[in-house]
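Chemist: Questions regarding the structure given below will be posed in turn.
The values are calculated or read from the model by the stated rules, or taken from the named source; none is laboratory data. Small disclaimer: the values here were computed from a predicted structure and weren't measured. In this analysis, Cβ positions are derived from the backbone assuming ideal geometry, glycine residues included, and neighbour counts consider all displayed protein chains. Remember, those area values only see protein heavy atoms, side chains included, never the ligands or the DNA or RNA. Shrake-Rupley method; radii C 1.70, N 1.55, O 1.52, S 1.80 Å.
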Amino acid sequence: MAVSKLSIIKFLELALTLSCLVLHYKSLGETDELTIMLVSGTFVGYSIILIGLFAGYLINSPINKKIDIFFSLLACAMFVASGVLVLQAWESGFKTDRRRMAISKGSLAIINGVLFFFDAVFTFRE
């Protein structure tokens, strides 16, 4: 089984999503209900989606290109929005380890959103 660019990107997306999920658990402290719901839903939901995509890849069951692009563009929007909301919630907090983890979580979420955008572009071009 040859390793493609898209499988490497999907692996990086999964690694960043799981990192965001762990950091979210360790730094939960946002007070805005919308932020809590969006961030939790994005990290948990896309952990499940990406694990499912990897399972499909391992059993050689490809996903439809249009659905993959849809999931990637939706993830791009959700991760960037989550990252921005987290950074906004913690920008004026005290300089603690919890704040550093939250800032890392927000930054990784934005990076993952950009990675999902590139994934959508590569999938479209393939």
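Chemist: Taking region 12-67, which residues are assigned to a loop (DSSP other than H, G, I, E, B), within 23 Å of Val121 (Cβ to Cβ) and open to solvent by 80 Å² or more (accessible area, probe 1.4 Å)? Steps first, answer last, please.
Modeler: Taking region 12-67 as the starting set, the residues that turn out to be assigned to a loop (DSSP other than H, G, I, E, B) are 28-32, 59-64.
Next, only the ones that are within 23 Å of Val121 (Cβ to Cβ) stay: 62-64.
Those that are assigned to a loop (DSSP other than H, G, I, E, B), within 23 Å of Val121 (Cβ to Cβ) and open to solvent by 80 Å² or more (accessible area, probe 1.4 Å): Pro62, Asn64.
Chemist: Within region 1-11, can you find the residues that are part of a helix (DSSP H, G or I), modelled with pLDDT under 85 and among the aliphatic types (A, V, I, L, M)? Before the answer, list the steps.
Modeler: Keep residues of region 1-11 that are part of a helix (DSSP H, G or I), which gives 5-11.
Retained after the next criterion (residues that are modelled with pLDDT under 85): 5-7.
Listed by number, the list holds a single entry, Leu6.
Chemist: Oh, and also: Name the residues in region 90-126 that are part of a helix (DSSP H, G or I) and among the acidic types (Asp, Glu), would you? Reasoning before the result, please.
Modeler: Going residue by residue through region 90-126, those that are part of a helix (DSSP H, G or I) are 90, 97-125.
Correct list: Asp97, Asp119.
Chemist: May I ask you to list the residues in region 35-63 that are within 17 Å of the chain's Cα centre (by Cα) and either on the phi > 0 side of the Ramachandran plot or among the aliphatic types (A, V, I, L, M) (or both)? Can you show your working first?
Modeler: So the first thing to find is which residues in region 35-63 are within 17 Å of the chain's Cα centre (by Cα), and the list is 35-54.
Ile36, Met37, Leu38, Val39, Val44, Ile48, Ile49, Leu50, Ile51, Leu53, listed by residue number.
Chemist: Yes or no: Leu87 free of Cβ contacts under 8 Å to residues at least 60 places away in the same chain, open to solvent by 40 Å² or more (accessible area, probe 1.4 Å), assigned to a helix (DSSP H, G or I) and touching a Ser or Thr at 6+ places or on another chain (Cβ under 9 Å)?
Modeler: Working: free of Cβ contacts under 8 Å to residues at least 60 places away in the same chain: yes; open to solvent by 40 Å² or more (accessible area, probe 1.4 Å): yes; assigned to a helix (DSSP H, G or I): yes; touching a Ser or Thr at 6+ places or on another chain (Cβ under 9 Å): yes.
It is true that Leu87 is free of Cβ contacts under 8 Å to residues at least 60 places away in the same chain, open to solvent by 40 Å² or more (accessible area, probe 1.4 Å), assigned to a helix (DSSP H, G or I) and touching a Ser or Thr at 6+ places or on another chain (Cβ under 9 Å).
Chemist: If you scan region 97-126, which residues turn out to be within 27 Å of Ile67 (Cα to Cα) and free of Cβ contacts under 8 Å to residues at least 60 places away in the same chain?
Modeler: Gly106, Ser107, Ile110, Gly113, Val114, Phe117, Ala120, Val121, Phe124, Arg125
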